[in-house]
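The values are calculated or read from the model by the stated rules, or taken from the named source; none is laboratory data. Please read all numbers here as calculations on a predicted model, not as lab measurements. Using ideal geometry, Cβ is built from the backbone for each residue, glycine included, and neighbour counts are taken over all protein chains shown. Please note that ligands, DNA and RNA were not included when accessible areas were found on the heavy atoms of the full protein model with its side chains. Shrake-Rupley method; radii C 1.70, N 1.55, O 1.52, S 1.80 Å.
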Amino acid sequence: MSGALHHVESPRDSDAQLARLAEDVRVGLTARPRWLPSKYFYDDRGSRLFEAITALPEYYQTRTEERLLAAVAGDVVARVRPAELVELGSGSGRKTRLLLGAMAAAGRLQRCTLLDINPHVLRETGRELVSAFPGLVVSEVAGDFLDDLASLGRGGSRLAVFLAGTLGNLHPGEVPAFLARMAAQLESADGFLVGLDLVKDVARLEAAYNDAAGVTAEFNRNILHVLNERLGADFEPAAFEHVACYDRSSAWIEMRLRASRLQRVRIPAARLDLAFEAGDEIRTEISCKYTRASFAALLAGTGLGLERWYTDPEELFALALLGRRSSAGKPR
Ligand code: SAH
Ligand code: AVI
């Protein structure tokens, strides 16, 4: 059987997406402190910039998770025995290939479902997977993992994965409800593998978001390019400085854009006319850092339990295998 790109679904049309963006921007930029949802980083340029971040010497997360995944994928597959891989925020799909390879080696691989907010990256990754894994049926959902999990359909022989530490980009207050919604897409023997960046030395954390080459700064400012392109805004991205610092009390990295001088910005499609004074900031992302205990505390009442906790030798990053089977059981 040859591979088939089976199904591409977009839960919202482009008008609805634009209306949602305009509303999110209106809400965020009229609030104090000002903020923007981090999902709007990821147009094609933003996705390319994220890929460039993954190769930076300071950004230990991607290579650490990839090595860890290579070491434990066989164990995860042996435990869950999946025929379908589901990935939230799949991006370039490099780690997807690694997991699909382990599933193919176990002789059970049939389907792969990808969900990402960037439809172009989604299609490109889908095409690559179809040609790399003959016989694989790939489904794509161009949507939002906070709103569109129901599009994944019913589980069963399913391994869902949410890698890169992207769960950390959700506010901890919204994580339990998100996990409960994910649990609803899984059957009792399915698994959910979540990548988590761990609490560590502050200098190391801050260096990962303040790289010497300035790629993260460009990624951060890209959100303003997105508002210019999609909403007709007239932000001058170069007039905003990149700020990233660790907030110990919340255990998260916070990225902000700081106006370097007085400026006025119009965002016609959001009906906004804004004044920024020098030093005014917009929060663009949080990236939560977890411990095993702080993550386990978020699982209560979600219908998911921690079955395995895998880490690299330096304990920089973790992969938490969650299941619906043994929420009362102790992880090893
Ligand atoms: N999994 C890849 C990419 C991680 S980057 C890796 O491990 O390298 C985060 C990915 O999540 C990007 O591909 C981005 O487009 C996607 N993303 C961000 N917010 C999203 C949202 N709310 N819903 C769906 N996808 C989202
Ligand atoms: C996708 N996500 C896990 C990245 C992170 O580290 O929070 C996004 C990122 N932001 C700045 N650098 C990378």
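Answer yes or no: is there a residue in the stretch 21-38 that is within 11 Å of ligand 1 (Cβ to nearest atom), within 14 Å of residue 164 (Cα to Cα), outside any loop (DSSP other than H, G, I, E, B) and in contact (Cβ under 8 Å) with a residue 12 or more places away in the chain. Within the stretch 21-38, not a single residue is within 11 Å of ligand 1 (Cβ to nearest atom), within 14 Å of residue 164 (Cα to Cα), outside any loop (DSSP other than H, G, I, E, B) and in contact (Cβ under 8 Å) with a residue 12 or more places away in the chain.
Which of the residues spanning the stretch 251-273 are on the phi < 0 side of the Ramachandran plot and among the basic types (Lys, Arg)? Correct list: 256, 258, 261, 264, 266. The residue pairs whose first member lies in the stretch 233-247 and is within 16 Å of residue 285 (Cα to Cα), whose second member is among the aromatic types (Phe, Trp, Tyr), and whose beta carbons are closer than 7 Å, counting only pairs six or more residues apart or on different chains, are 244/209.
More than 12 Å from ligand 2 (Cβ to nearest atom) and within 28 Å of residue 31 (Cα to Cα): which single residue out of 219, 276 fits that description? Unique residue meeting the criteria: 276. Filtered by the rule that a residue be within 16 Å of ligand 2 (Cβ to nearest atom) and out of contact with any Phe, Trp or Tyr (no Cβ under 9 Å at 6 or more places or on another chain), the stretch 82-98 gives 90, 93, 94, 95, 96. Taking the conditions (1) part of a strand (DSSP E or B); (2) more than 15 Å from ligand 2 (Cβ to nearest atom); (3) among the small types (Gly, Ala, Ser) in turn, residue 195 satisfies each one other than (2).
Residues are listed down the side, and each one gets a yes or a no for (1) touching a residue at least 12 places away in the same chain (Cβ under 8 Å); (2) within 25 Å of residue 306 (Cβ to Cβ); (3) touching a strand residue (DSSP E or B) at 6+ places or on another chain (Cβ under 7 Å); (4) not acidic (Asp, Glu):
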| position | (1), (2), (3), (4) |
| --- | --- |
| 119 | yes, no, yes, yes |
| 137 | yes, no, yes, yes |
| 140 | yes, no, yes, no |
| 159 | yes, yes, yes, yes |
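Would you mind stating whether residue 51 is open to solvent by less than 20 Å² (accessible area, probe 1.4 Å) and either within 13 Å of ligand 2 (Cβ to nearest atom) or outside any helix (DSSP H, G or I) (or both)? Considered against the rule, which asks whether it is open to solvent by less than 20 Å² (accessible area, probe 1.4 Å) and either within 13 Å of ligand 2 (Cβ to nearest atom) or outside any helix (DSSP H, G or I) (or both), residue 51 comes out as no. In summary, strands (runs of 3 or more DSSP E) completely within the stretch 202-267 and bearing 1 or more residues that are open to solvent by less than 70 Å² (accessible area, probe 1.4 Å), among the acidic types (Asp, Glu) and at pLDDT 95 or above occur at 240-247, 252-259.
Among the residues of the stretch 93-119, those that are buried (at least 17 other Cβ atoms within 10 Å of the Cβ) and within 8 Å of ligand 1 (Cβ to nearest atom) comprise 93, 95, 96, 115, 116, 117, 118.
The residue that is nearest to ligand 1 (Cβ to nearest atom), among those in the stretch 67-90 that are open to solvent by 20 Å² or more (accessible area, probe 1.4 Å) and assigned to a loop (DSSP other than H, G, I, E, B), is 89. When the stretch 39-55 is filtered for residues that are within 12 Å of the chain's Cα centre (by Cα) and away from ligand 1 (no atom under 11 Å from the Cβ), nothing remains. Residues considered: 160, 150, 164. Of these, the only one that is part of a strand (DSSP E or B), within 14 Å of ligand 1 (Cβ to nearest atom) and out of contact with any Pro (no Cβ under 7 Å at 6 or more places or on another chain) is 160. Among the residues of the stretch 167-180, the one identified as within 13 Å of ligand 2 (Cβ to nearest atom), closer than 19 Å to residue 301 by Cα and either outside any loop (DSSP other than H, G, I, E, B) or charged (D, E, K, R) (or both) is 167.
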